[in-house]
Amino acid sequence: MDFNVKKLASGAGLFFTRAVQYTEEKLGQAEKTELDAHLENLMSRADCTKNWTEKIYRQTEVLLQPNPSARIEEFLYEKFDMKAPSRVTNAELLGLYMEGAAQEFGAATPYGSTLLKVGECEKRLGAVEKEFIQTSAISLLTPLRNFLEGDWRTISKERRLLENLRLDLDACKARLKKAKLAEAKTAVAPDLNETRPRNYVLSASASAGNRRTRFKAQGLRVQWVAGSNPDSISVSCYAEQDLRLAQTEFDRQAEVTRLLLEGISSTHINHLRCLHEFVEAQAAYYKHCHLHMQELQRDLGRLPDAFALNSLHSVVTPGSAAEDIGSPLEAEPLKIEEVQAPATGTRKAKVLYDYDAADSSELSLLADELITVYTVPGMDSDWLVGERGNQKGKVPVTYLELLS
């Protein structure tokens, strides 16, 4: 291990100097170079973009994978550059359990056959969910993570460098100010004990070799070329040279930082496109889920169970039931326009799904609307008569939720 004491001491000294400078700036005892308003606004906008992007990224991860243990596992696989194993979704696992239960209870029973149908639908929903997670990770999570781990790190690095150059610039300004104060004091109160002539000639041993010589005056670093008269060189001249150099480096770094910060607008445009792709993927996911559930609803309506029949009997009055039992089914088809609502036995029902009437005898339905339903003798047990204002027609029982 190469342990450089001088480098360590230099770093510690720089850290101490920076700490003192920061403290003096906070207390208002040191000059601080202010950035221009445009650059300050760009920095504020960049910080806001970073903070909200980070929150959106974290919450999107939670949405796609609510299990924190699974997220940690995926993070470790990614860091070690290993392929994560395929994970069964909760819907797929539920479908497997339902299919197993159906085999135990008997697939030919109403409960077992229903479990099979629902289990198959849940497995399809799980497959759609898995596809949605993969698509969202590519379209949204990856661009957000690339910004946080790539572009933002570069911006942060350049901003730290700009801040260090600002501190160097302020230090040069402070040195120049001290040098001018020292020269002013010297000009006002000259040293009367000084008897050395102004054209004092250095000794041969000191001037031999025509080398660059360094000395410190008033705690300030000053350089000159040997052979020139040190008294004719002002300390403030070298401080001004250092200030000009620091100002040039600061201006150059400020321009680099400004260009990077202006690139945030391009980042917003890119994230906007990614957001549109995420919305499209989410809309497709819910659309497929809705289609699968509608298909499941139709399949369940065809199964030989007592659910629809019980719902139908719950709206039939004792009088109408007795009448239905005592009279045979009508040979002619039911004419909806001639059907009259009974005095008693009508109920309110909430429509679960949209339904388009197949002919003039049926009533089209809109999801979530409320209609009045009742039964009439001779009607199929899978249908009810529904009324909505002046409109009347047959409606399927499986599309309704009967209200008490």
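So, in nm, how far is label Cys237 from label His276 when the simple model puts each one 7 Å beyond its Cα toward the Cβ?
According to this spin-label approximation, the distance is 6.4 nm.
Can you tally the net charge around Thr142? Count Lys and Arg as +1, Asp and Glu as -1, for every other residue whose Cβ sits under 14 Å from the Cβ of Thr142.
-4
Could you tally the net charge around Leu96, taking each other residue with its Cβ under 10 Å from the Cβ of Leu96, Lys/Arg +1 and Asp/Glu -1?
Once positives and negatives cancel, what remains is -2.
Looking at segment 59-165, which chymotrypsin sites (Phe, Trp or Tyr not before Pro) are in a loop (DSSP not H, G, I, E or B) and have at most 10 other Cβ atoms within 10 Å?
For chymotrypsin sites (Phe, Trp or Tyr not before Pro) across segment 59-165 that sit outside H, G, I, E and B with at most 10 neighbouring Cβ atoms in 10 Å, the list reads Phe80.
What lysines does Lys79 reach when the alpha-carbon gap must be under 28 Å and sequence neighbours fewer than 8 apart in one chain are set aside?
Lys50, Lys55, Lys130, Lys157
Net charge within 14 Å of Lys83 by Cβ-Cβ distance, Lys/Arg positive one each and Asp/Glu negative one each, not counting Lys83 itself?
-2
Values in this text are rule-based calculations from the coordinates and carry no lab data. This one's a predicted model, so the numbers in the text were calculated from it and none came from an experiment. Cβ atoms come from the backbone with ideal geometry, glycine included; neighbour counts cover every protein chain shown.
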